[in-house]
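K.L.:
Quick one: structure below, then a few questions.
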Amino acid sequence: MDELHHYNDLYRQAPKQNAMEWMEFLSRKYPATYRHCVRVAILAEKLADGMAIGEEEKKKLVIGCFLHDVGKGLLPTELWNQQASLSPEQWDTLKLHPNAGADLIRTSSELNPDILGIIRHHHEHWDGTGYPSGLKGEEIPYLARICAVLDAFDSMVSEHPYAEMKSLDEAKEELVRCSSTQFDETIVQAFLQLPNSMLGIYMDTSH
């Protein structure tokens, strides 16, 4: 794929770019993905307050959640434009984005390793079936486990060409269903304590 060849060209430019410049690139190429990152960061701040996470950890969580999908800016546009389900090959390409994003930011910014851990590991599953490293349980960085819940929730309640948008309650039920398999159950339970009134970013269906 031409854009995967272009990936290498972009990657070689990484030392010349900082994290915000790569996010600006993402916002131009995939505006919907950029808005998703913004919403996940907003959720991270709300949940951190609810979980009484310290200010330093909260800052790392919010930054990591904002940057978590930066690697998608290097992936082919066809992954996002087609209406049909992704092929196995396309899924393999999509799964490159956590490592791509973490490596991209690692070489272009001096960010805390915990932030890079969020970017790299937000698709790991509690039962070890996730990617890219197949980490299991508490092997997965704690802040990445939080991002995983918020990332999934926002994806479920947002519009996509390949999946039906869920209501807030339906998405919460799915988080519960996948607790202890995909997600850390304690984090899901903490998220469920947030009242819908704190999820105002989803009340306007035009988001």
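The values are calculated or read from the model by the stated rules, or taken from the named source; none is laboratory data. As the structure is a prediction and not an experimental result, all values here were calculated from the model. Don't worry about glycine lacking a Cβ; one is built from the backbone with ideal geometry, like all the others, and counts go over all protein chains shown. Please note that ligands, DNA and RNA were not included when accessible areas were found on the heavy atoms of the full protein model with its side chains. Shrake-Rupley method; radii C 1.70, N 1.55, O 1.52, S 1.80 Å.
K.L.:
In whole angstrom, and with the biggest value first, how far do the Cα coordinates of the range 59-113 range along each principal axis?
P.N.:
38, 20, 15
K.L.:
Additional query: Could you work out how far apart the two model spin labels at residue 87 and residue 20 are, taking each label as a point 7 Å from the Cα in the direction of the beta carbon, and quote it in nm?
P.N.:
The answer from the label model is 4.1 nm.
K.L.:
Label-point separation (nm) for residue 142 and residue 103, each offset 7 Å from Cα along Cα-to-Cβ?
P.N.:
My value for the distance between the label points is 3.0 nm.
K.L.:
Taking a probe of 1.4 Å, how large is the accessible area per residue of the chain, in Å²? Walk me through the intermediate numbers first.
P.N.:
Values: 10240 Å² over 207 residues.
Ligands and nucleic acids excluded, the result is 49 Å² per residue.
K.L.:
So if the hydrodynamic radius of the chain is defined as the Kirkwood radius over C-alpha pairs, what does Stokes-Einstein give as its diffusion coefficient at 4 °C and 1.567 mPa s, in µm² per second?
P.N.:
75
K.L.:
Moving to a separate point now. Tell me the net charge near residue 87. Cut-off is 14 Å between Cβ atoms, residue 87 excluded, with +1 for each Lys or Arg and -1 for each Asp or Glu.
P.N.:
Numbers: positive: 95; negative: 78, 89, 92.
My count for the surroundings of residue 87 gives -2.
K.L.:
Find the percent of Cα-Cα distances in the range 107-192 that exceed 16 Å, and round it to a whole number. Each step should come with its number before you reach the end.
P.N.:
Working: 1934 of 3655 pairs.
Beyond 16 Å sits 53 percent of the P(r) for the range 107-192.
K.L.:
Output the pairs from 59/172; 29/95; 46/172 with a Cα-Cα distance over 23 Å in this structure; if there are none, say none. Before the final figure, lay out each step's value.
P.N.:
On the way: 59/172 25 Å; 29/95 18 Å; 46/172 16 Å.
Violating the 23 Å limit, Cα to Cα: 59/172.
K.L.:
Need the full-extension length gain, residue 110 to residue 194, defined as separation in residues times 0.36 nm minus the C-alpha distance. One decimal, nm.
P.N.:
On the way: separation 84, 0.36 × 84 = 30.24 nm, distance 3.29 nm.
Full extension from residue 110 to residue 194 adds 27.0 nm.
K.L.:
Run the simple label-point estimate for residue 180 and residue 59 please: 7 Å along Cα→C-beta, distance reported in nm.
P.N.:
3.8
K.L.:
Quantify, in whole percent, the carbon and sulfur part of the accessible surface of the chain (1.4 Å probe; protein heavy atoms only).
P.N.:
Details: 5160 of 10240 Å².
Carbon-and-sulfur percentage of accessible area, whole number: 50.
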